[in-house]
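Novice: Sharing a structure, written as structure tokens. Questions coming.
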Amino acid sequence: MRIVMLGAPGAGKGTQAKKLIEDYGIPQISTGDILRQNIAQGTPLGKEAKGFMDRGELVPDKVVLGLVEDRLKQPDCKQGFILDGFPRNTAQAETLDKMLAGIGMPLKLAISVDVPFEDLMKRLTGRRTCRSCGQMYNVYFTPPKKEGVCDKDGGELFQRDDDKEETIKKRLQVYESQTAPLIDYYSKKGLVRKIDGTGTIPGIYGKIKTELEKIK
Ligand code: AP5
Ligand code: MG
């Protein structure tokens, strides 16, 4: 299974991708997560990306495309993959198509998770993530049992640097202007399945799974 998760910041791409990993045993490739790891490790790539991310802008294509190309060559991608947060503009989508055609592994589906604009701010300002296992919480909707502590492994919960109101507004603008057109791009190829991203996390997952079962 080779799929792309489309959706605005806060739509739940990462949350749903993590459930898919557990079920299907294929890796999630989140360019945002890879970039944040590079920042945490202080790599040159992380240093280059940080300013763009803190401003809510896209990191330059050449940086991100190199990351994805390397990741797709890893052996665990042979069985499939879930792209989360990539591609982010038409140039990235076109390059991805060429990369995948080159290795004979075209995309099967683009899942577009649709959440009304007014819900996204609360999802993003309320998000907390475990520093050790990556489990996500939301202080408004899915809080941990103990504030600041992960239910799964007791790890420390942190708030992302770009989850500040001003940066979120910029990220949502960038999404509308640069990423939302990809829904059209993949629709023309017959790959898009639109999923209502409101409701419970398991409920949304059920709808995604129904679509995935159809292509098996
Ligand atoms: P990235 O990390 O990709 O962030 P994003 O696209 O802004 O998306 P998010 O991760 O914020 O949202 P999500 O849809 O994953 O939602 P989540 O599941 O966490 O990118 C960050 C930055 O990196 C970019 O701004 C850019 O600078 C750079 N970058 C990354 N990729 C790039 C690329 N390809 N090219 C260039 N630059 C790139 O859920 C959000 C919250 O909602 C959580 O708290 C969760 O618990 C909660 N939630 C989820 N589902 C529900 C539900 N059903 N009900 C209630 N709450 C829910
Ligand atoms: Mg995410």
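Novice: Hey, among the residues in the range 114-160 that are loosely packed, with under 15 Cβ neighbours inside 10 Å and on the phi > 0 side of the Ramachandran plot, which one's nearest to ligand 1 (Cβ to nearest atom)?
Specialist: G148
Novice: Test K209 against the criterion of being over 30 Å from R55 (Cα atoms), under 18 Å from the mean Cα position of the chain (by Cα) and open to solvent by 30 Å² or more (accessible area, probe 1.4 Å), and give yes or no. Step through it out loud before you land on a result.
Specialist: Numbers: over 30 Å from R55 (Cα atoms): yes; under 18 Å from the mean Cα position of the chain (by Cα): yes; open to solvent by 30 Å² or more (accessible area, probe 1.4 Å): yes.
Spelling it out, K209 is indeed over 30 Å from R55 (Cα atoms), under 18 Å from the mean Cα position of the chain (by Cα) and open to solvent by 30 Å² or more (accessible area, probe 1.4 Å).
Novice: Quick one: what pairs do we get from the range 1-24, first residue in contact (Cβ under 8 Å) with a residue 12 or more places away in the chain and over 28 Å from K164 (Cα atoms), second near ligand 1 (Cβ under 7 Å from one of its atoms) and in a strand (DSSP E or B), C-beta under 7 Å, 6+ apart or different chains?
Specialist: none
Novice: So D153 fits all but one of (1) touching a residue at least 40 places away in the same chain (Cβ under 8 Å); (2) of a type in the set (D, E); (3) touching a Ser or Thr at 6+ places or on another chain (Cβ under 8 Å); what number is the exception?
Specialist: Condition not satisfied by D153: (1).
Novice: For the range 179-192, how many residues are more than 30 Å from P143 (Cβ to Cβ) and surrounded by 18 or more Cβ atoms within 10 Å (Cβ to Cβ)?
Specialist: 5
Novice: Could I ask something else about it? Quickly run through the range 163-201 and pick out the residues that are near ligand 1 (Cβ under 9 Å from one of its atoms), assigned to a helix (DSSP H, G or I) and more than 16 Å from G7 (Cα to Cα).
Specialist: Scanning the range 163-201 gives a single hit, T167.
Novice: Would you mind stating whether D153 is in contact with a strand residue (DSSP E or B) (Cβ under 9 Å, 6 or more places away or on another chain) and in a loop (DSSP other than H, G, I, E, B)? Working first, answer last.
Specialist: Details: in contact with a strand residue (DSSP E or B) (Cβ under 9 Å, 6 or more places away or on another chain): yes; in a loop (DSSP other than H, G, I, E, B): yes.
The answer is yes for D153.
The values are calculated or read from the model by the stated rules, or taken from the named source; none is laboratory data. Keep in mind that this is a model prediction, so the values were computed, not measured. Positions of Cβ are generated from backbone atoms using ideal geometry, with glycine treated the same way; all protein chains shown enter the neighbour counts. Remember, those area values only see protein heavy atoms, side chains included, never the ligands or the DNA or RNA. Shrake-Rupley method; radii C 1.70, N 1.55, O 1.52, S 1.80 Å.
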